[in-house]
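The values are calculated or read from the model by the stated rules, or taken from the named source; none is laboratory data. Predicted, not measured: the structure shown is a model, and the values here were computed from it. With ideal geometry, Cβ positions are generated from the backbone for all residues, glycine too; neighbour counts draw on all protein chains shown. Accessible surface areas use protein heavy atoms only, side chains included; no ligands, DNA or RNA. Shrake-Rupley method; radii C 1.70, N 1.55, O 1.52, S 1.80 Å.
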Amino acid sequence: MKRATKIGEAIINGRPVSFFTPPHDEPDFLWVDMQELARAFVPRDVARRLLSNTQRFDQGGRVATTARNGSKIATIVPHPIAQAVVGAMDHMSGHPDDGGPFFSEYCRQAARFSKDHSPMSLDDMLAAFKNSGGPFLAGNT
């Protein structure tokens, strides 16, 4: 494993959300500060509960890790976990269909940020898609 490093921030739903390099050397999409992402859509107390629950998605392995985000330590998650949590927030907010407004906003801004700050070739994108989350989602951490 390697340390994830902050690349920068995107404005999502009017709030800054930090993006990071993956905490491993395998093909992968950018990782995101889970609490900042949740705070872009829900109140602070709900965001804290989501952050706590995010770390317990999988019984056998970790789906989150930590990284330095300025003066704080952030919990970061891979793109598919961020998508799942944002989709759950859509559902909790009365948008039960796939691709609700929170999901759409996150995906649009994450794609823009990635294009501008961490561009990938088509081959790299396909490899990242097949390996999203790397060893974390494969249960090898």
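Helices (runs of 4 or more DSSP H) wholly in region 83-141 with at least 3 residues that are hydrophobic (A, V, I, L, M, F, W, C) - which ones? Result: 101-117, 122-130.
If we keep just the residues of region 87-141 that are over 21 Å from residue 12 (Cβ atoms) and among the charged types (D, E, K, R), which is surrounded by the most Cβ atoms within 10 Å (Cβ to Cβ)? Step by step, filter region 87-141, then rank; the result is 124.
Among the residues of region 90-141 satisfying the criterion of being of a type in the set (Phe, Trp, Tyr) and at pLDDT 90 or above, which is farthest from residue 80 (Cα to Cα)? In this case the residue turns out to be 113.
For region 73-86, filtering for residues that are within 13 Å of residue 5 (Cα to Cα) and open to solvent by 10 Å² or more (accessible area, probe 1.4 Å) leaves 2. For the condition part of a strand (DSSP E or B), touching a Pro at 6+ places or on another chain (Cβ under 9 Å) and either at pLDDT below 95 or open to solvent by 40 Å² or more (accessible area, probe 1.4 Å) (or both), residue 26 does not qualify.
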